[in-house]
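So the structure is just underneath, and the comments pick up after that.
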Amino acid sequence: HDMRERDLSELKEVRHRSSSHPLVYTSGFPCQPYSRQGKRLGEGDDRHLVWHVLLTIADLLPDLAILENVPDLATDLRFRSLFNELLDVLTQIGNNMYFVDWKILNSQDYGVPACRQRLYIVIVKKEKLVRTWFWPEVQPRVSLSSILISRAPSERRSLESLTFTALRNVSSGYQKIAAKYQANDKSWLHENWVIDCGPSEKFGVHCTLDYFPTITKSHAASLWIVAESDFARPQELLAAQGFLQSDLPVPISTLKPSTVKSMAGNAFTVNVFEQLFRGLLPAIGIRCR
């Protein structure tokens, strides 16, 4: 639903009846107003919904809230005043009720083989804090092979089956990767290089070794795995965001691949939120399993 039109009265009533129960609120509000992949219009973009997010926090007064967005919101000078105002509003809610902090974390540092730098804003009720909270420590990086599905030779894609844009980008990617090796060294053809086949010729190709580049809704379907001669599959894209089949209520294979890829591009990274909650929940007196 459109959060600009949602009625919070029912949630406020539930909150009132269950005031002794902890309330956790999370929001990944639209990133297009600030992202380099969008128009970067900030408050001039219809999808600029952050004030509605803050209104929800002010109305429901959760014990803990985590907001997520692209780093540009905090680091780009054109959004500096907006970001500072956002933090000021959060700290003033409920007469300085909240402890507010923020940091840019990369999902690749928390157990998934995919680069995803994101801004995380943590909001915690001061009266609920029972112990000191710290940002999660960086973990050893994992290999892309840990989430890849083995393919039979017959499942590999021929280059002739690719679209013109994909073929152009795969070819450019191969040349870019080969240039990093000795002239007759073809070992890279059997390594987990990933080529993003989505960008236009203007932006050129992006190649990564042993991890996915940032998975987005528009590029999720265009990640070519060199060693597999195939595009990343829906299960692999979800796994790169921390979602495993065992975590989901329905088989991934029953969903449209385009739907899964869109969801993977828009999702929070599960592993990052798990690490945040493992620190934050005990800090407000909630025991973690």
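Values computed for the structure shown
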{"item": "For segment 66-209, the fraction of alpha-carbon pairs in successive 5 Å shells from zero, as %", "result": "2, 7, 11, 13, 14, 13, 10, 8, 7, 6, 5, 3, 1, 0"}
{"item": "Residues with amide H under 5 Å from that of Phe231, placed H, sequence gap 5 or more", "result": "Ile225"}
{"item": "FRET efficiency estimate (nearest 0.05) - Cβ-Cβ, Gln32 to Ser258, R0 22 angstrom", "result": "0.70"}
{"item": "Per-residue [θ]222 nm for the chain (sum of -39500 (n - 2.57) over DSSP H runs n ≥ 4, rounded to 500)", "result": "-8500 deg cm²/dmol"}
{"item": "Highest-fluctuation residue, Gln235, Gln182, Gln275 considered, GNM on the chain with Cα pairs under 10 Å", "result": "Gln182"}
{"item": "Highest-first arrangement of 5-18, 52-65, 93-106, where packing means the average Cβ count within 10 Å", "result": "52-65, 93-106, 5-18"}
{"item": "Gaussian network model of the chain, springs between alpha carbon atoms under 10 Å - residue of Phe212, Phe273, Phe83 with greatest fluctuation", "result": "Phe83"}
{"item": "Sites His21 and Leu209, calculated FRET efficiency, Cβ-Cβ separation with R0 35 Å, nearest 0.05", "result": "0.15"}
{"item": "Against the rule of thumb 2.2 N^0.38 Å, how large the Cα Rg of segment 133-197 comes out", "result": "1.52"}
{"item": "Net +/- balance of residues flanking Ala264 in space, Cβ distance below 11 Å, scoring K and R +1, D and E -1", "result": "+3"}
{"item": "Global size of segment 47-109 as Cα Rg and Dmax, reported in angstrom", "result": "12.4, 37"}
{"item": "Quotient of Cα Rg and 2.2 N^0.38 Å for the chain, N being how many residues it contains", "result": "1.13"}
{"item": "Built amide H within the under 5 Å cut-off of Thr26, gap 5+", "result": "Ile66"}
{"item": "Fraction in percent of alpha-carbon pairs per bin - 5 Å, segment 1-117", "result": "2, 10, 18, 21, 19, 15, 10, 5, 1"}
{"item": "Within the chain: Cβ-based charge dipole about Cα centre, in debye rounded to nearest 20 (Lys, Arg +1; Asp, Glu -1)", "result": "240 debye"}
{"item": "Most mobile listed residue (Ser107, Ser143, Ser158) in the chain, GNM with C-alpha springs under 10 Å", "result": "Ser158"}
{"item": "Nitroxide proxy distance, nm - points 7 Å out along Cα→Cβ at Gln139 and Ile104", "result": "2.3 nm"}
{"item": "Principal semi-axes in Å for segment 206-289 [√(5λ), Cα gyration tensor, largest first]", "result": "28, 16, 11"}
{"item": "FRET E, pair Arg80, Ile286, Förster distance 41 Å, beta-carbon r, rounded to 0.05", "result": "0.75"}
{"item": "Probe 1.4 Å - accessible area at Arg157, Å² to nearest ten", "result": "90 Å²"}
{"item": "Cβ-placed point charges (K, R +1; D, E -1), dipole of segment 137-231 about Cα centre in debye, nearest 20", "result": "180 debye"}
{"item": "Estimated inter-spin distance, Leu60 and Met3, nm [label 7 Å along Cα→Cβ]", "result": "0.9 nm"}
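The values are calculated or read from the model by the stated rules, or taken from the named source; none is laboratory data. As the structure is a computational prediction, the values presented were derived from the model and not from experiment. All Cβ positions, even for glycine, are placed from backbone atoms using ideal geometry, and neighbour counts span all protein chains on display. Calculation scope for accessible area: heavy atoms of the full protein, side chains included, ligands and nucleic acids excluded. Shrake-Rupley method; radii C 1.70, N 1.55, O 1.52, S 1.80 Å.
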